[in-house]
1. Please determine, by comparing only the residues of region 44-81 that are part of a loop (DSSP other than H, G, I, E, B) and either out of contact with any strand residue (DSSP E or B) (no Cβ under 7 Å at 6 or more places or on another chain) or polar (S, T, N, Q) (or both), which one is modelled with the lowest pLDDT.
2. Is region 135-142 home to any residue that is of a type in the set (Gly, Ala, Ser), under 22 Å from residue 17 (Cβ atoms) and either modelled with pLDDT of 90 or more or within 16 Å of the chain's Cα centre (by Cα) (or both)?
3. Can you name every residue in region 128-140 that is out of contact with any strand residue (DSSP E or B) (no Cβ under 7 Å at 6 or more places or on another chain) and either surrounded by fewer than 20 Cβ atoms within 10 Å (Cβ to Cβ) or in a loop (DSSP other than H, G, I, E, B) (or both)?
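The values are calculated or read from the model by the stated rules, or taken from the named source; none is laboratory data. These figures come from a predicted structure and were not determined experimentally. Cβ: placed from backbone, ideal geometry, glycine included. Neighbour counts: every protein chain shown.
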Amino acid sequence: MTLKQICDSIAAWNALRTAKDFTSLNALFADGNSFNYKRTISSENDGENSGKTSYMHVYPGVHDDKLQLYLIPARRDSQLQAQTTSGILPYIEICDLNEFPNLGSEIPVQEAQLRIAAWNDDHEEWIENIVTTKDNIFQAFAIPYADVQVGHDVEIFFALKPNPNPSEDYATADLVIYDESESAVTPHYYDMVRPVPPFHTQSGLQQQDFYLLSIS
């Protein structure tokens, strides 16, 4: 795909989001709830520094009426990188949505299973409600690079977790990362994924740090 096609895809997601079209948004998740990613050695240096460079950005998009995910190291997701000779396209990885798996004991951590099950069972009602809130549905996610080991195959599941703010009525969107590599000691999940919005004042999670949003 070209950079324009990727930006058009992200813009298509945001158009549904802006229109609060929960029916179309829900339709995108009708066939799956996860995607696969493998962090390569070439991306290792993109996640070793502090601040915004420690994140990987995940953007949902709509291409050929299907949900796609676009992953890019945070330090490459910038206007400065876009102005270089290589640009940002070589650093964007495209992931398709997987079909629903039979979880069984694949993710043995009870809380992780509950969060994934909450998405599977409740995402349609959640999307219908969340698009009416101030922050609306997510535009992107930030995953700490520490959550993904170099060379490991991971499957990343959409999930819902209870909102830590008791004044909020709705669950929070989440991504549960399952390390399926043979070298993984034990399957595990991580709790540091951040959906945006809301954007945060701390380094690396402000709106200006998500360059692909500004050009889509």
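1. Within region 44-81, the first condition is being part of a loop (DSSP other than H, G, I, E, B), and the residues that meet it are 48-50, 64-65, 77-78.
So of that shortlist, the ones also either out of contact with any strand residue (DSSP E or B) (no Cβ under 7 Å at 6 or more places or on another chain) or polar (S, T, N, Q) (or both) come out as 48-50, 64-65, 78.
On the way: 48: 49, 49: 47, 50: 44, 64: 95, 65: 94, 78: 93.
Result: 50.
2. Start the filter on region 135-142 by keeping residues that are of a type in the set (Gly, Ala, Ser), which leaves 140, 142.
Imposing the further condition that a residue be under 22 Å from residue 17 (Cβ atoms) reduces the set to 140, 142.
From the residues that got through so far, the ones that are either modelled with pLDDT of 90 or more or within 16 Å of the chain's Cα centre (by Cα) (or both) too are 140, 142.
Yes, the conditions are met somewhere in region 135-142.
3. Here is the first cut: in region 128-140, the ones out of contact with any strand residue (DSSP E or B) (no Cβ under 7 Å at 6 or more places or on another chain) are 128-137.
128, 129, 131, 132, 133, 134, 135, 136, 137, listed by residue number.
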